Amino acid sequence: MQNTETRAAAGGSAPAKLRGGTFTLMVLDVPDPRRADPLSGVEAKLRQAPSFFEDAPLVLDLQAVPDTDRFDLSETVERLRTLGFVPVGVQNAGDGHAATALNLGLCPFPAWRSGRQRPSRDPGPKTETEPKRPERENPPPPPAQPAKLLSQPVRSGKRVYARGGDLVAVAPISAGAELIADGHIHVYGALRGRALAGVGGDESARIFCQKLDAELVSIAGAYRVREDIDESLIGQPVQIYLQGEDLIIDPLRDPTASTRRR
Amino acid sequence: MSKIIVMTSGKGGVGKTTSAAAFAAGLAQRGHKTVVVDFDVGLRNLDLVMGCERRVVFDFINVIHGEAKLSQALVKDKRIDNLFILPTSQTRDKDALNTKGIGEALERLREQFDYIVCDSPAGIEHGAVMALYYADEAIVVTNPEVSSVRDSDRILGVLQSKSKRAEEGADPVKEHLLLTRYDLDRVERGEMLAIDDVLEILSIPLLGVIPEDQAVLRASNLGQPVVMDNESQPGQAYGDAVGRFLGEDIPHRFIKREKKGLFGRMFRRSA
């Protein structure tokens, strides 16, 4: 005999299913509101690229914000919404702000993006009472994500994401393939597809490749399509990086050759 | 009133993308604001045939999923005014297509364009059905051989049962036959079906016959719609087909052996 309850649940349409998902979110480091308007920098950025951030999900990092009433979280969230962002959560919030966030329907994310653990906010009696964990006094650097290594050619249509780290390919990247990394991207071979480094917002990320033939390259959101890449760089070994707002593509020269030239 | 045209076939490799590119370019050349939309998600080719692959940033799937605006994804053709390309994604698959998202995107395209040409993927599954769902008119691309004709017959059945017009009981999708890769020599040798045989099986009106010609491959490799090559027979044949589609009365060309002397033949060979 079947359990009637299960049958009822299974009857009709398929039941809702919970599953895991990973998303890349932009994080806004909110500065100390006593020193500056917390959103002035955001508004300036938005003027440069008005549509780029439209409906972009956003996590507010409140590390620098003291947990007092002087900072009005709900007002800040409201302002971000009018600017077109979709605030989804907060990080490194004090208990007061974390409670406000929950009331606003925002998720107080745990501060797992380490290096930003919140030693300053913890009253931290444990540091004194627990000599077994002296590292809390001086938190160790976050465990570095090992670089993701690709040794097979990445074919058209394939998308590879190196989460939280670098992406190293020792094989060609076909046109129509997509390499994405929070850190740097190295391609020891021809790069014919797309490469997006620093997608988490790291503006110091770079792209290195042995033979540039890319459809699109991007660092921390700044991009160039193939048509905007100087023809003289095509087929060359290059490095690509951000200088201010500009995406720079420099040929990688053999250092010995350059000294000889001098 | 803008029109949505689907370029479909069932079978692969018959020339849907070439025809979509040529047809859209032909419509735009005649002054109609036209966009050609790539529905072949994951096997993106239209941008190559249109020669705009170096300028693609966002795509149709980004638009459907609300990740980019239509204006960000539309690529303007540099050679022909009034012509735009909406490329598709290479890294996604056909499951990324849904009727709601496509419907909204097409509705917004209707506001801006006279003609929306949808380049369908091969097959009769989800991707092909999504491409034809909103169509007002369908151009069925067929090669003069039995398997292509059978697949075209199948896709005509899909058009008549799974399109929005069919579901809502509205006027049926208007059907046109475009016979491509027509090789007169092989037809004469009996290796290919003749036009009348195809028409008898499919019984839909003939929009055009495109002769098999090196010019098509050449144009694809150059990233230039073949209709822009006015010197070539396929270029002229696509131009005629566009004219007929717009209601002009143009006799079919390149479907009969022209009587030519020895010099004429030599000239034709070398051309």
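Result for chain B in a Gaussian network model with C-alpha springs under 10 Å: among B:251, B:172, B:211, the largest mean-square fluctuation is at B:251. When the alpha carbon gyration tensor of chain B is reduced to an equivalent ellipsoid, the three semi-axes, largest first, read 30, 21, 16 Å. Where does the Debye-calculated log10 I(q)/I(0) of segment B:160-224 sit at q = 0.15, 0.16, 0.23 Å⁻¹, using only Cα point scatterers of equal weight, no solvent? Here the Debye-derived log intensity ratios amount to -0.68, -0.73, -0.95.
If segment A:177-262 were replaced by its equivalent ellipsoid, with semi-axes equal to the square roots of 5 times the Cα gyration tensor eigenvalues, what would those be, largest first, whole Å? Walk me through the numbers on the way to the answer.
Numbers: eigenvalues 89, 41, 29 Å².
Gyration-tensor ellipsoid for segment A:177-262: 21, 14, 12 Å.
Between B:69, B:78, B:33, the Gaussian network model of chain B with springs among Cα atoms under 10 angstrom shows the greatest mean-square fluctuation at B:78.
Given a Förster distance of 51 Å, report the FRET efficiency between residue B:217 and residue A:254 from their Cβ-Cβ distance, rounded to the nearest 0.05.
0.80
Where both bridge residues fall in the protein assembly as shown, DSSP classifies roughly 20% of the beta bridges as antiparallel. Convex hull volume of the Cα atoms of segment B:55-120, normalised per residue: 96 Å³.
Rounded to two decimal places and with Rh computed the Kirkwood way over Cα pairs, what is Rg over Rh for the protein assembly as shown?
Values: Rg = 29.2 Å, Rh = 27.2 Å.
Using only Cα positions, Rg/Rh for the protein assembly as shown is 1.07.
GNM remark for chain B: springs join alpha carbons under 10 Å apart, and the peak mean-square fluctuation among B:222, B:206, B:179 falls on B:222. Shielding of peptide B:71-78 by partners, expressed as the average count of other chain Cβ atoms within 10 Å per residue Cβ, is 1. A DSSP coil position with no more than 16 other Cβ atoms inside 10 Å describes the following GluC sites (Glu not before Pro) in segment B:55-107: B:67.
Every number in this text was worked out from the coordinates using simple rules, so none of it is lab data. Predicted model only: the values in this text are computed from it and were never measured. Heads up, the Cβs are rebuilt from the backbone with ideal geometry, glycines too, and the neighbour counts pull from every protein chain shown.
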